[in-house]
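The values are calculated or read from the model by the stated rules, or taken from the named source; none is laboratory data. Note that the structure is predicted; figures quoted are calculated from it, not measured. Positions of Cβ are generated from backbone atoms using ideal geometry, with glycine treated the same way; all protein chains shown enter the neighbour counts. Just the protein is used for accessible areas: all its heavy atoms, side chains included, with ligands, DNA and RNA removed. Shrake-Rupley method; radii C 1.70, N 1.55, O 1.52, S 1.80 Å.
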Amino acid sequence: MKRTQSRALPYLLLAPSLVFLTAIFLLPLVQTIALSFSESGVASLGNYRRMVSDLNFGLALRNTFLLVLVVVPIQLALALGMSVMIEKIGRGRDLVLWVWTIPLGVSDLAAGLVWLAILQDRGYLNSALYGLGLIEGPTAWLTYETPGTLFLGVVLAEIWRATAIVLVILVAGLQLIPKEYREAAEVFGARPWTIFRRITLPLLKPSIQTALILRTVLAFEVFAVVYAIGGTNFPVLVGEAYTWQNANQNTGVAAAYAMLIVVISLAATAIYLRVLRVPAEQQP
Amino acid sequence: MSGLKRTVFWTGVAALCAWVLVPIWLIGLGAFGGRTGVFRWPKSLWPGDASLAALQTFLAVEGVWPAMVNSIIAALTCMALSIGLGAPAGYALARFSFRGQNTYRLLILLTRAFPLAILALPLTVAFIRIGLYDTAFGVGLVHTALALPFAALVSASLFQAIPRELEEAAWVFGCSRWQAFRKVVLPLALPGIAAAAIFAFVISWNEVFAASVLSVKNRTLTAYLLTVLAESPLHFRFAGGFLLILPSLAFIFAVRKYLFAMWGIANR
Amino acid sequence: MAEITIDGIAKSFGATRALEQIDLTVADGEFVALLGPSGCGKTTLLRIIAGLESATSGRIVIGGRDLTEVPTRRRGLAMVFQNYAVFPHMNVYENVAFGLRMQGADEARIKARVGKATELLHITPYLDRYPAKLSGGQRQRVAVARALAVEPPVLLMDEPLSNLDALLRLEMRAELKAVLREARTTTIYVTHDQTEAMGLADRIAVMHGGRIEQIDRPTAVYERPATTFVGGFVGSPPMNFLPVTIANSRLELPGASLPAPQASGALLMGIRAEDLTPVADGEGLPFDIAVVEPLGAHDLVTGRSGQTLLRVAAPAGSGHKPGTRIGLKPDPKRLVWMDPASGRAIQAQ
Ligand SMILES: Nc1ncnc2c1ncn2[C@@H]1O[C@H](COP(=O)(O)OP(=O)(O)OP(=O)(O)O)[C@@H](O)[C@H]1O
Ligand SMILES: [Mg+2]
């Protein structure tokens, strides 16, 4: 009696979360696939055809990829630098860490609004530029006619908001690496840069992998930041899905966009898992 | 470190702190500056005409208060459900070895590779049918899907860090499995679980896409702001953005001690 | 020339004083063992010499060069870490080659040196393996090989053989000694194991509570401990200490009269187990036998003389019985006298 009870216990404990994830993750996934491949109940590729032939599709695809390709590497480099700096701070480390991780709790919408306040026509950037005599008066940077600076604004906002998550994962990873490895390298004559490259970086690989997967998947979902800064001037994939769903009331095409994003995210994850693989025998 | 290196180093640290803090300061100015502040040219870095009036105006706008209440309901739902469902799962992962354990772990990790919020699209139909559509509770349910895997992983490692022997000692002294859990394990794991719960709250509080798709009238603050964004004046947007950020500052401060432990272990 | 001078080194971690005031000179090519109980500051001292920890005061001079401002990597030394610090992401070959690569050695030289070091430590079969797939003892030998491969002028070793089985440890000890002597490497070697220290070292420094209690040749440390602590810590069984009272510059025992270093008063008489000879009851010190442990080479006899616990190494098979009383005769040439208040040795005039 006691034995069967304790054998069933783990399953009883898992069951609620499993049921939940099935209902809110697996079923919707299947439904999204089904929705995207059917038009008024009939199997078809119509939704995908409409998605691809839409005027904004190419633009949204290009913008999203461009954003990910620019933002994610910068965030990784910046977070690596910051986590190395954190290691060197003695007193005040906790305070600095808190400040640097504040954006972790800031929503993408709020981050977009923050940078809107800075970059708008009469914003602080322009005030500074005006003060320096670089511009004559209020200047627009975030319109349809200035795609370059609009893109730059979105990049800044994304870096400002989402570097913190990479930082947290890397700092947590660094804390798991015993300091003796770096000390041993130093004793044998390695310079700081060599230690970083030959010891710290390889040992940090699992954390880098996690950070890149999380960050890249989220970066492909970029939407509210862009919307807050540039409105519809800068189409991105999730923004298009949102428009098709809410404005055009066409769930089929929205689902096609969702599937596209799922496929891209899975592909990116698979690439990271492969490229940054750490063989089991090389793990500490 | 030599003097010069030291100076460069601390300048870098200070610059990065400013990079985080100054934008928040600036949107704060925007939020408190009101209509006149927004059009001032050129702008000053100091709050010249800041007043609470601007924020009060924002809060008085129809729909803002209900949206905040909705946000809180959704976030509390997300927090309660992700811990309520995730912690038992974490305990099972930490304390038992059973068939299917790895499959479950894999499912949890797999959720990371999916854009979960976007998968809320087809839920609209189901939610309409069962009456969850356009409710804060429904939004909270979807947000739970985002926070639950994290909560399960974090609590699994929290429980793993508590020696099994402590629990066994309690059994020896006559506690039932449940009593031992409640009297020995739970008090030790509680701070970490509280941190995970706060994190779940933040995840929900900040989410935009699913919240916007699943509601029309009963919107959360983020969803509300997103819909009125295009037609609302700048100072209104800044006030909204600032109010979104404010709780985050406190939350991150509250969990700062557990942040790294949480992510360190959630990685493994 | 790689003479190490440790000059007035002290170290505090916040309120804890890990090292009080360490002065020690290790001659070029000399092998000094640091011996002491857990937590006495051995690792801390090594880390300060290596520059991994900065001393609260004092300086380290190697080969006439003050190293206080010199970063670890330019100190030109090699070290075996107490917890090995073998890089988990490099195989054995790469681990052992690491120091040489940092010196920019060419591939042929690296190969030769790695071959030599790994052969010495019997780890050649594992060259392609990663540390996760090695046993604790094998990993430790990789750490030693990594240090030996660079053929450093100064070698710091923190319990490098602690994880090996007794036989292998004996073998490694002999080989280490030969290699280091030949290369004239200045070595500081931390160990808990006093036979290891006695066997390997030119001199032993016994540490206790952040101080060096005594530094001398192994036999001198064994025979003439400078403090009761050293007498008790070095040697197995520990040295016996018997409180005695002196009158007229002599210690009177039944059937024996021994010269004492002071005219009168209380003293501690220190004597090794093998320097007490069992005699018939009524002669020498009265001794009540409590336990007899036959150890093979000799019998270890434990008992009491008055209130004091004594251990005696009696010849094997001498047939002593627990519960009986015998007499003990100390060898007058091998006595040490200690001041009972300070625990320090009193120099015989
Ligand atoms: N980083 C540190 N912070 C605070 N105290 C420390 C630190 N490192 C060492 N200590 C303290 O300094 C003392 C000496 O430590 P050390 O590691 O040198 O001992 P040890 O002689 O090597 O011991 P063992 O034989 O167990 O390795 C100990 O009391 C230890 O608790
Ligand atoms: Mg030590």
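Observations
- Distribution of pairwise C-alpha distances over chain C, 10 Å bins, in %: 5, 22, 26, 21, 15, 9, 3, 0
- C-alpha center-to-center spacing [segment B:162-229, segment C:221-265] in angstrom: 69 Å
- Value in Å of the Kirkwood radius, where chain B supplies the Cα pairs that are averaged: 21.3 Å
- Across segment C:203-208, rounded Karplus estimates of 3J(HN,Hα) from the backbone phi angles (6.51 cos²θ - 1.76 cosθ + 1.60, θ = phi - 60°) give 9, 10, 10, 9, 9, 7 Hz, Gly and Pro being marked x.
- Inter-label distance, residue B:69 to residue B:171: 4.9 nm, where each label sits 7 Å from its Cα along the C-beta direction.
- Under 15 Å, Cβ to Cβ, from residue C:74 - net charge with Lys/Arg +1 and Asp/Glu -1: 0
- For residue C:22, distant residues with modelled amide H under 5 Å away: C:8, C:9, C:10
- Cβ-derived FRET efficiency at R0 30 Å, residue A:91 paired with residue B:188, nearest 0.05: 0.50
- Dipole magnitude (debye, nearest 20) for segment C:144-229, charges at Cβ of Lys, Arg, Asp, Glu: 220 debye
- Apolar share of the accessible surface for segment A:37-282: 63 percent from carbon plus sulfur atoms, 1.4 Å probe.
- DSSP bridge orientation in the protein assembly as shown - percent antiparallel, rounded to nearest 5: 75 percent
- Dipole of the protein assembly as shown [Lys/Arg +1, Asp/Glu -1 at C-beta], most positive-end residue of C:19, B:223, A:139: B:223
- Residues of segment A:225-265 whose accessible area (probe 1.4 Å, heavy atoms of protein chains only) drops by at least 50 Å² once all protein chains are present, relative to their chain alone: A:227, A:242, A:245.
- The mean number of Cβ atoms from other chains found within 10 Å of a Cβ in peptide C:268-279 is 0, as a whole number.
- Nearest-20 debye value, chain A charge dipole, Cβ charges on Lys, Arg, Asp, Glu: 1100 debye
- Note on residue A:194 and residue A:276: the model spin-label points, each 7 Å out from Cα along the C-beta direction, lie 2.7 nm apart.
- Helix C:136-149 vs. chain C, principal-axis angle (Cα, 0 to 90°, nearest 10): 70 degrees
- Computed over all pairs of different Cα atoms, the Kirkwood value for the hydrodynamic radius of segment C:158-291 is 17.7 Å.
- For segment C:60-76, a drop of 10 Å² or more in accessible area on going from the chain alone to the assembled protein chains (1.4 Å probe) is found at C:72, C:73.
- Segment A:37-282 shape via C-alpha gyration tensor axes, a/c threshold 1.5: oblate
- The chymotrypsin sites (Phe, Trp or Tyr not before Pro) of segment B:129-233 that meet both conditions, a loop assignment by DSSP and at most 11 other Cβ atoms within 10 Å of the site Cβ, are B:173.
- Contact order relative to length of chain A, as percent, for alpha carbon pairs under 8 angstrom and 6 or more apart: 27 percent
- Cα-based radius of gyration of the protein assembly as shown once divided by 2.2 N^0.38 Å, which approximates compact folds: 1.25
- Coupling constants for segment C:97-113 follow from the phi torsions by the Karplus curve (6.51 cos²θ - 1.76 cosθ + 1.60, θ = phi - 60°), and in residue order they are 7, 3, x, 5, 4, 5, 7, x, 5, 7, 4, 5, 5, 4, 4, 4, 5 Hz; glycine and proline get x.
- Put a dot 7 Å past the Cα of residue B:179, heading toward its Cβ, do the same for residue C:107, and the two dots end up 7.0 nm apart.
- Percent carbon-and-sulfur accessible area, chain B, ignoring ligands, DNA and RNA, probe 1.4 Å: 69 percent
- Relative contact order (percent, whole number), chain C, Cα cutoff 8 Å, 6+ residue spacing: 15 percent
- Contact residues in segment B:15-40 by the 10 Å² criterion (accessible area, 1.4 Å probe, full protein complex versus chain alone): B:16, B:17, B:19, B:20, B:21, B:23, B:24, B:26, B:27, B:29, B:38, B:39.
- Theoretical FRET efficiency, 1/(1+(r/R0)^6), r = Cβ-Cβ of residue C:302 and residue C:178, R0 22 Å, to 0.05: 0.05
- Summarised in one figure, the compactness ratio Rg/Rh of segment C:121-195, Cα atoms and Kirkwood Rh, is 0.95.
- Along segment B:239-251 the Karplus relation, 6.51 cos²θ - 1.76 cosθ + 1.60 evaluated at θ = phi - 60°, assigns HN-Hα couplings of 4, x, x, 5, 5, 5, 6, 3, x, 4, 4, 5, 5 Hz to successive residues, with x for each Gly and Pro.
- Subset of A:179/A:205; A:88/C:11; A:179/B:257; C:11/C:42; A:179/C:111 violating a 23 Å alpha-carbon distance limit: A:179/C:111
- Centroid-to-centroid, using Cα positions, segment C:153-194 and segment C:25-76 are 17 Å apart.
- The mean number of Cβ atoms from other chains found within 10 Å of a Cβ in peptide A:92-105 is 6, as a whole number.
- When chain A is described by a simple charge dipole with +1 on each Lys and Arg Cβ and -1 on each Asp and Glu Cβ, the residue from A:178, A:106, A:77 located farthest towards its positive end is A:178.
- Kirkwood hydrodynamic radius over Cα pairs of segment B:1-60, then Stokes diffusion coefficient at 25 °C and 0.890 mPa s, in µm²/s: 180 µm²/s
- Three-way shape label, segment C:301-340, alpha-carbon gyration tensor, a/c 1.5: oblate
- Interface A:B - total buried accessible surface [probe 1.4 Å, Å², rounded to 100]: 7900 Å²
- Pairwise centroid distance, computed over Cα atoms, of segment A:167-212 with segment C:279-338, Å: 59 Å
- Taking every protein chain into account, the accessible area of chain B amounts to 43 square angstrom per residue (probe 1.4 Å).
- Sorting the segments C:209-220, C:127-138, B:85-96 by their mean number of nearby beta carbons within 10 angstrom, highest to lowest, gives B:85-96, C:209-220, C:127-138.
- Rounded, prolate or oblate (a/c below 1.5 giving rounded, otherwise prolate when a/b exceeds b/c) for segment C:1-67 by Cα gyration tensor: oblate
- Farthest positive-ward along segment C:185-333 dipole, Cα basis, beta-carbon charges - from C:235, C:296, C:270: C:270
- Between helix B:64-95 and chain B: long-axis angle, C-alpha atoms, 0 to 90°, nearest 10: 20 degrees
- Legend: mean number of C-beta atoms from other chains within 10 angstrom of residue C-beta atoms, peptide B:172-182, equals 0.
- Pairing chain C with chain A buries about 2300 Å² of accessible area. This figure sums both sides and uses a 1.4 Å probe.
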